[in-house]
Amino acid sequence: MLASKRPSEIPRAQWEYVVGWTLELHANCASDFTQISLEDKEKFARELEIRLNGEIDLATIDWIWDEYSRFARTGQTYSDKYRPTLPERLKEAELGCFGIPVN
């Protein structure tokens with residue numbers, strides 16, 4: 001859903017980059033059931049659904065990464081290394097970098 005909700009002010013390459021890395025965050029920090037509690041997972045899913053129905057921007061991506069940093073056992077370490085919204089990381093963005101079609 002994030003891929004299809006690109007804010008108009010964010011270039012397609014950057015949006016693909018931040019969405020792709022956010023999917024990687026989920027795969028690496030939440031696919032193992034021992035990483036996060038069921039309670040945190042359910043709370044996060046409810047809040048994310050609400051946010052996805054509103055305005056989406058880079059702050060939404062940062063909120064996701066902040067939440068994973070808070071509740072996933074390896075979330076903070078992963079965020080420190082790979083958070084895509086940092087200006088120096090956004091410079092790495094290239095269209096097609098994750099193969100995710102964005103609008």
Q: Could you pull out every one of the aspartates and glutamates with an alpha carbon less than 18 Å from that of K41, ignoring same-chain neighbours closer than 8 positions?
A: E24, D32, E49, D62, D66, E67
Q) How far apart, in nm, are two points set 7 Å out from the Cα along the Cα-to-Cβ line at L23 and at N53? A) 2.5
Q.
Between K41 and K81, what is 0.36 nm times their sequence separation minus the Cα-Cα distance? Round to one decimal in nm.
A. 12.2 nm
Q: Quick one: compute a quarter of the convex hull surface over the Cα atoms of the chain and quote it in nm².
A: 6.1
Q. To the nearest 10 degrees, how steep is helix 12-29 against the longest Cα principal axis of the chain, on a 0 to 90 scale?
A. 20
Q) R89 versus A13, label points 7 Å from Cα toward the beta carbon: distance in nm? A) 1.8
Q) Along the charge dipole of the stretch 3-90, Cβ charges K/R +1 and D/E -1, which of S69, S31, A45 sits furthest on the positive end? A) S31
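Each reported figure results from applying straightforward, stated rules to the coordinates on display, with no laboratory input. Worth saying up front: this structure is predicted, and the values here are computed from it rather than measured. Cβ sites come from the backbone with ideal geometry, for glycine too, and all protein chains shown count toward neighbours.
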